Amino acid sequence: MRRVTMILSMFALVTALALPSWAQVKELPKTTVTISGTIETIDQTKRAMNIKTADGKIVAVNVPESVKRFSELKVGDKLKATYNNNVIVRMKPPGEPAVDTADTTTTQGQTQGVTAMVRRMTASISDIDKSASAITFVGPNGWKYSRRVVDPAVFDQVKVGDRVDITWNTDLSVSVE
């Protein structure tokens, strides 16, 4: 019985210590963009193309090196691309080492392909603009990122100079129709 009481006490202590850190992780709203249309122009050397959508708009697309079958695309091909971006921000405890990693995976079929990337980095808050409801971060190699903040309570929890870990989960799905 004494052992069970000790185990339950330890579980309660670990849970109590973990709860504050849970509150310091914030998942931002997921962003999804879909482009459907016909390839109007392709520049193989610059890995760029223009896609004309159904409403007549022209969308410029830069194609990353990870897209292996880019050379097979031609003017007139119809394609659909869906881009999903999910961002998670975590307050960085003092003294914890910085992170800066990127992992990419690609799968390809005959008429479609999916590329997924997970990017993790430590950044510092360089600006807080409550009137615009935005926070600006600065990370490795002078990288700068501003994001609109949906929950105004976040502004009471952070200050300029705070360090955060930012994790992006991004996937791009392209299919030729």
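Looking across region 45-63, the residues that are more than 19 Å from the chain's Cα centre (by Cα) and either within 10 Å of I35 (Cα to Cα) or aliphatic (A, V, I, L, M) (or both) come down to A48, M49, I51, K52, T53, A54, I58, V59, A60. Tell me yes or no: at least one residue of region 84-92 is without any contact (Cβ under 8 Å) to a residue 60 or more places away in the chain and either loosely packed, with under 14 Cβ neighbours inside 10 Å or among the hydrophobic types (A, V, I, L, M, F, W, C) (or both). No: zero hits.
Within region 125-145, being surrounded by 13 or more Cβ atoms within 10 Å (Cβ to Cβ) and modelled with pLDDT under 90 holds for one residue alone: Y145.
Within region 72-79, is even one residue assigned to a strand (DSSP E or B) and farther than 30 Å from V154 by Cα? So far as region 72-79 goes, yes, one or more of its residues are assigned to a strand (DSSP E or B) and farther than 30 Å from V154 by Cα.
In region 105-120, the count of residues that are more than 30 Å from I35 (Cβ to Cβ) and in a strand (DSSP E or B) is zero.
Once region 95-104 is narrowed to residues that are among the aliphatic types (A, V, I, L, M) and not in a strand (DSSP E or B), the residue that is nearest to V176 (Cα to Cα) is V99. A count restricted to region 152-176 and to residues that are exposed (fewer than 11 other Cβ atoms within 10 Å of the Cβ) and among the acidic types (D, E) stands at 1. The residues of region 144-177 that are within 21 Å of the chain's Cα centre (by Cα) and under 30 Å from R69 (Cβ atoms), listed by number, are T167, W168, N169, T170, D171, L172, S173, V174.
Across region 131-177, the number of residues qualifying as outside any strand (DSSP E or B) and on the phi < 0 side of the Ramachandran plot comes to 19. Residue pairs whose Cβ atoms lie under 9 Å apart, separated by 6 or more positions or on different chains, with the first residue in region 51-66 and farther than 15 Å from V176 by Cα and modelled with pLDDT under 85 and the second in a loop (DSSP other than H, G, I, E, B) and charged (D, E, K, R), are N62/K46; N62/R47; P64/R47; E65/R47. How about region 64-108: which of its residues are of a type in the set (F, W, Y) and over 22 Å from the mean Cα position of the chain (by Cα)? The answer is F70, and nothing else.
For V158, which of the numbered conditions (1) without any contact (Cβ under 8 Å) to a residue 60 or more places away in the chain; (2) of a type in the set (A, V, I, L, M, F, W, C); (3) under 16 Å from V25 (Cβ atoms) fails to hold? V158 satisfies all of (1) without any contact (Cβ under 8 Å) to a residue 60 or more places away in the chain; (2) of a type in the set (A, V, I, L, M, F, W, C); (3) under 16 Å from V25 (Cβ atoms) except (1).
The values are calculated or read from the model by the stated rules, or taken from the named source; none is laboratory data. Just so it is clear, the model here is predicted, and its values are computed rather than measured. FYI the Cβ positions are ideal-geometry reconstructions off the backbone, even for glycines, and counts take in every protein chain you see.
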